[in-house]
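**Student:** My questions all concern the structure below.
Values in this text are rule-based calculations from the coordinates and carry no lab data. Just so we're clear, the structure is a prediction, and the values are computed from it rather than from any experiment. Ideal geometry is used to build each Cβ from the backbone, glycine not excepted, and the neighbour counts take in all protein chains shown.
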Amino acid sequence: MANYSTSEFRSGLKVMLDGDPCSILDNEFVKPGKGQAFNRVKLRNLKTARVLEKTFKSGESLEGADVMDKDMQYLYTDGDFWCFMEPDTYEQHQATEAAVGDALQWLSEQDICIVTLYNGSPLSVTPPNHVELEIVETDPGLRGDTAQGGSKPAKLVTGAVVKVPLFLDHGDVVKVDTRTGEYQGRVK
Amino acid sequence: MAYEMNTWQPGASRQALLRRACLLNRLRGFFAERSVLEVDVPLLGKSSITDVNIDSIAVTIDTAKGYLQTSPEYFMKRLLADGSGDIYYLGKAFRDGEIGTRHNPEFTMLEWYRCNWDDHQLMTEVADLLNILITEEHCSPMAVTKMSYGQCFMDQMGFDPHGADIDQLRSAAVELGSSSWSDESRTNCLDLIFSLQIEPKLPSGIVIIHDYPECQCALSKISKNHKGQPISRRFEVFIDGLEVANGYLELTNIDEQVKRFEDDIQHRIQSGKSLRAIDQKFIDALHSGLPSCAGVAVGLDRVLMRALDITEIDQVLAFSWHRT
């Protein structure tokens, strides 16, 4: 992979730091009075999702990380691996539970997800921003309650638990924003 | 920060343009009242500076090489050596590669020299001027805090920067920065610690830090502090944590000056930087005799940022580099 110098660091660039692939979030140029310039860089470790802050001397460089985001269709799981397919080449990739991470609670078969590949293997999975899922478990719906009337927890078919309005019931399908985990509306 | 601006419009608001004009007027009034002479020295010169950390922009004039000046210092010192008396420069300066939220490669600089003054007298005048430039009518002036560089380190880091050994500085720098600081120089480690740990915790208002480490003397005189440690008679001024000025009790000793330039050149070679020759006419002027004086340079764009409570330099410049 190419090397990138601090002046090329920009948000979204993927680089290797201490053996882990990271995504650059922010890069600030700092230069004290008569001193050497340096760059304060915020990075997200793509393996652990932790945000780090590092300071590099200006002109230092980091190796680029072989990291690529690809749209893929979720096919099935055998309990150990989650299988995704590239829609254009039909190439299949097996993701571990660690790679699927929090996306697990939103995934239904055939969803199109973003799979982040690192050296060709799935590193993380980003579910679609909005999913429509059936409620499988919640307290019984209360007749006469309106949408403004408050909320209750509901378990969805994929395992996620979201807060929904009181009038919804087992078997209803709801639209959820996976980035916030918030209920967006009822799907009729 | 590496974004492109695709707009034709200026970065500065109408309010920022007005404030800049007002600030420049007040500034000229301040120096006129105190009989400091405005001098207009070249922005384009045949020589440049040897400083390791400041890169000048080289240009071609006809077929000869020239440099956009990184500061008016050498021309002003030549005037001082010629007997100009107290002088100030208000104009542009250029520094290659300095682009960020607080840097633009072309910026407005104010620099002035006071003959037979020491650094502490000049610090008082800098604080007076900044208060006149920034303080709105009917508002009380900003508080002025003065402290030594050594005291700042003792307060925030718990150790003496002048006495600390290099291993202690490096391990503090590695912890704050990254593993790449493990073999850095004393001055670079001190700068990192100061920028990340001390600068963000400076009191609000005008803060003047004086008596810098000997290794950061640049063009200032060296003397001893009350503990007998060698320190440089250099000071920096911050407004609400933003560095706005750098001043010296000026070095007048020619042998010492030449030695520092030669050390700079060695450092430039070691770090693979483009070579910059010693400005011989500046050396000749020192030979003829630079009067004892104190001098300071102020980044006016940053003063304006503080006056307007703006965090991006782009918004106090009509057109920053990204907009040109």
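**Student:** Only sites in a loop by DSSP and with at most 10 other Cβ atoms within 10 Å count here; which chymotrypsin sites (Phe, Trp or Tyr not before Pro) in segment A:57-103 make the cut? Show your work: numbers first, answer last.
**Tutor:** Details: sites: A:74, A:76, A:81, A:82, A:84, A:90; in loops: A:81, A:90.
Qualifying residues, ordered by number: A:90.
**Student:** Amide H of residue B:244: which non-local residues (sequence gap of 5 or more, or other chain) have their own amide H closer than 5 Å, using H built in the peptide plane?
**Tutor:** Under 5 Å from the amide H of residue B:244: B:237, B:238, B:239.
**Student:** Moving on. Which of the trypsin sites (Lys or Arg not before Pro) found in segment A:22-75 are loop residues per DSSP with 13 or fewer other Cβ atoms within 10 Å of their Cβ? Write down the numbers at each step before the final one.
**Tutor:** Values: sites: A:34, A:40, A:42, A:44, A:47, A:50, A:54, A:57, A:70; in loops: A:34, A:47, A:50.
Those that pass, being in a loop and sparsely packed, are A:50.
**Student:** What are the radius of gyration and Dmax of segment A:67-126, computed over its Cα atoms and given in Å?
**Tutor:** In order Rg, Dmax, the Cα atoms of segment A:67-126 give 10.0, 27 Å.
**Student:** Convex hull over the Cα atoms of segment A:3-63, averaged projected area in nm²? Intermediate values should be presented prior to the final figure.
**Tutor:** Numbers: hull surface 14.8 nm².
The orientation-averaged projected area of the Cα hull of segment A:3-63 comes to 3.7 nm².
**Student:** Using the Karplus equation 6.51 cos²θ - 1.76 cosθ + 1.60 (θ = phi - 60°), what ³J(HN,Hα) coupling, rounded to whole Hz, does each residue of segment B:74-89 give in order, writing x for Gly and Pro?
**Tutor:** Per-residue couplings from phi come out as 5, 5, 5, 5, 5, 5, 4, 5, 8, x, 5, x, 4, 9, 9, 10 Hz.
**Student:** Magnitude of the Cβ-charge dipole of segment A:11-122, K/R +1 and D/E -1, about the Cα centre, nearest 20 debye? Each step should come with its number before you reach the end.
**Tutor:** Working: 11 positive and 19 negative charges, 221 e Å.
The calculated dipole for segment A:11-122 is roughly 1060 debye.
**Student:** While we're here: Run the helix sum for chain B: -39,500 (n - 2.57) per DSSP H stretch of 4+ residues, divided by residue count, reported at 222 nm to the nearest 500 deg cm²/dmol.
**Tutor:** Working: 9 runs with 108 residues, N = 324.
That comes out to -10500 deg cm²/dmol.
**Student:** Write down, largest first, the equivalent ellipsoid semi-axes of the protein assembly as shown in whole Å, where each equals the square root of 5 times an eigenvalue of the alpha-carbon gyration tensor.
**Tutor:** 57, 27, 22
**Student:** Out of all Cα-Cα pairs in segment B:1-143, roughly what percent, to the nearest whole number, are more than 18 Å apart?
**Tutor:** Values: 6903 of 10153 pairs.
More than 18 Å apart: 68 percent of the Cα pairs in segment B:1-143.
**Student:** Using all C-alpha to C-alpha distances in segment B:192-310, build P(r) with 5 Å bins and read off the rounded percent in each one.
**Tutor:** That works out to 2, 10, 15, 17, 19, 16, 12, 7, 2, 0, in percent per bin.
**Student:** Given charges of +1 on the Cβ of Lys and Arg and -1 on the Cβ of Asp and Glu, with all other atoms neutral, how large is the dipole of the protein assembly as shown about its Cα centre, in debye to the nearest 20?
**Tutor:** Values: 52 positive and 75 negative charges, 299 e Å.
Taking the Cα centre of the protein assembly as shown as origin, the dipole is about 1440 debye.
**Student:** Right, here's the next one. If you take the charge dipole of the protein assembly as shown about its Cα centre, with +1 on Lys and Arg Cβ and -1 on Asp and Glu Cβ, which of B:93, B:319, B:25 is farthest toward its positive end?
**Tutor:** Comparing the listed Cα positions along the dipole, B:25 ranks first.
**Student:** For segment A:76-173, compute Rh as the Kirkwood radius over C-alpha pairs and then the Stokes-Einstein diffusion coefficient at 4 °C and 1.567 mPa s; write the answer in µm²/s, rounded to an integer.
**Tutor:** Answer from the Stokes-Einstein relation: 86 µm²/s.
**Student:** Using the Cα atoms as the points, what is the convex hull volume per residue of chain B in Å³? Provide the component values of the computation, followed by the final result.
**Tutor:** Numbers: hull volume 49.0 nm³, N = 324.
Normalising the Cα hull of chain B by residue number yields 151 Å³.
**Student:** Same structure, new question: Considering only B:193, B:152, B:248, whose Cα is most displaced toward the positive end of the charge dipole of chain B, charges sitting on Cβ of Lys, Arg (+1) and Asp, Glu (-1)?
**Tutor:** Of the candidates, B:248 comes out farthest on the positive side.
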